[in-house]
1. Starting from the 7 Å offset along Cα-to-Cβ, what nm value, one decimal, do you get for the label separation of Y335 and R55?
2. Setting aside same-chain residues fewer than 8 positions from K351, which lysines have a Cα under 20 Å from its Cα?
3. Which lysines have a Cα lying under 20 Å from the Cα of K487, excluding residues fewer than 8 positions away in the same chain?
4. Just to confirm my numbers, what's the Cα centroid distance between the range 153-195 and the range 397-466 in Å?
5. List the aspartates and glutamates whose Cα sits under 16 Å from the Cα of K383, skipping any in the same chain fewer than 8 residues away.
6. If you add up the charges near G160, with Lys and Arg at +1 and Asp and Glu at -1, over every other residue whose beta carbon is less than 15 angstrom from its beta carbon, what do you get?
7. Among DSSP beta bridges whose residues both lie in the chain, state the antiparallel percentage, nearest 5.
8. How many angstrom lie between the C-alpha centres of the range 11-69 and the range 250-264?
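Derivation of every value follows stated rules applied to the coordinates shown; laboratory data play no part. Just so we're clear, the structure is a prediction, and the values are computed from it rather than from any experiment. Every residue, glycine among them, receives a Cβ derived from its backbone with ideal geometry; neighbour counts consider all protein chains shown.
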Amino acid sequence: MATVPSISETISQFKRKDITVEEHTAKALDEAKKLNQDYFYYNVISEDLALDQARALDKKAAKQGIQESREKLFGIPLAVKDSICVKGIESSAGSRMLKGYFPVFNATVVQRAMNQGCVVIGKTAQDEFGFGAFSVNVGLGFAIPRNPFDKQRTTGGSSGGGVGITQKTGYAYASFVESTGGSIVEPASFCSVAGICPTYGRLSRYGLIDFSNSMDKIGTAAKTIQDAALLLEASAGHDNRDSTSSASPVPQYTSFVGKPVRGMRVGIIKEAFGEGVDPGVAASVRKGIEWLEQQGAQCDEVSLELPIKYGIPTYYLLGTSEASTNLAKYCGMRYGAADPLEGNFNSYFTKVRSHHFSEEVKRRIMLGTFARMAGFRDAYYLKAAKVREKMLQEYKHLFSTYDALVSPTVAIQPPTFSEIEKLTPLQHYMMDMLCVGPNITGLPHLNVPLPFSKGLPVGMMLIGDHFQESKLIQLGSAVEEQAMKHKAIQQ
């Protein structure tokens, strides 16, 4: 199997004039269209926009000299999750409610990536509004993305399309994905790619179609940690249009790839290796920890009880309450799809939402509306907010000693669609058990692809303190290097 070039190697091809950006983009578009027939990674392929951007880059390079191009992502294909706005390209968050919405602006992260030379290939498939762990809760009329290693299995969710194409493509891709409760690292684990979910506020949320304002985070995915870090580096930074955006300085994340890990301290979350964790997954992650120890990192077992034990109920109370509020605007009058005006407001509102929202969206709206009703708000939403603060204190206590925490990303390997169909909604929600903690508390976390177990992907999750993405990249790249050597030996 041919090795896929990295982003830097692809840019070198452009500078050597082995291929033009337009030629490269045309090939990536052809591949995207072919793959979409079987794997359904894209909701929209933006062919005209991509070719226009490619021609503009070639023209700019010809004018100033290709060797003078300083863009970090010059000519690199960019996949964008459907909930992140791209000017002039339908952006529906995977929902029939938003079909026909063509933004008149780019999300800040998209604009910054374009400024660094990215070419937008299209909008990728997802669970409707991000409501899911397997990318099977797609909106009405949308196709379910398929795992790149087995079409009968899930990509994970909710950023399934973005990580699926990132793995399956034969080109160096950069992908913008998004997480509220695990929607970056979980599919990254199931599809064996590097996925970085940064600190809340590290990347601007301007232009993100919201699910949960206090937990939504845009992140990056790529075949390697180096490439995912490069897109993060190119798109991070303060944005005046997002009041939650941080002004904390942006490090050169790529400079931490390959740095020695000797002397770094890593806490092994003991609760993450307990009942319900697949033995093959646990063994693979233990091997990754062993690789860190061999390189001089000190790894100790630690306890992290609150996020593991109470993460799921806390996340779903906070997330559904905020989603219920955010989705109230889609009433068929000012925002979202509309039907012929009939009856009074309540009957029309009910009809439009019943017609255009899927079953899972309705379920989460009802859960969230109940949790924030008068008489229940103190018992549920406010209590969950207090538990979130307690969780953060537990994490902070550990980060006073450790540079990072480690666990499996997901307790299982990618299940088949027939297996998913047998799950109850609660069992479906439990898939996020290991990754809701850092999402609830806004902590950065990274999926590191490990060698396969029983022919299927496994991921290791590294969690860091706020704005310590660089440490995760440093530790993750040390594991990734060993994993690649192990893979080369197996082949």
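1. 3.6 nm
2. Cα-Cα hits under 20 Å: K99, K329, K362.
3. Result set, ordered by chain and number: K168, K223, K287, K454.
4. The distance from the Cα centre of the range 153-195 to that of the range 397-466 comes to 13 Å.
5. Partners within reach: E322.
6. Values: positive: K81, K123, R146, K151, R153, K168; negative: D38, D82, D127, E128, D150, E178, E186, E360, D432.
Within the 15 Å Cβ shell, the charges total -3.
7. On the way: 29 of 45 bridges.
Given both bridge residues lie in the chain, the antiparallel proportion sits at roughly 65 percent.
8. Using only Cα atoms to place each centre, the spacing works out to 31 Å.
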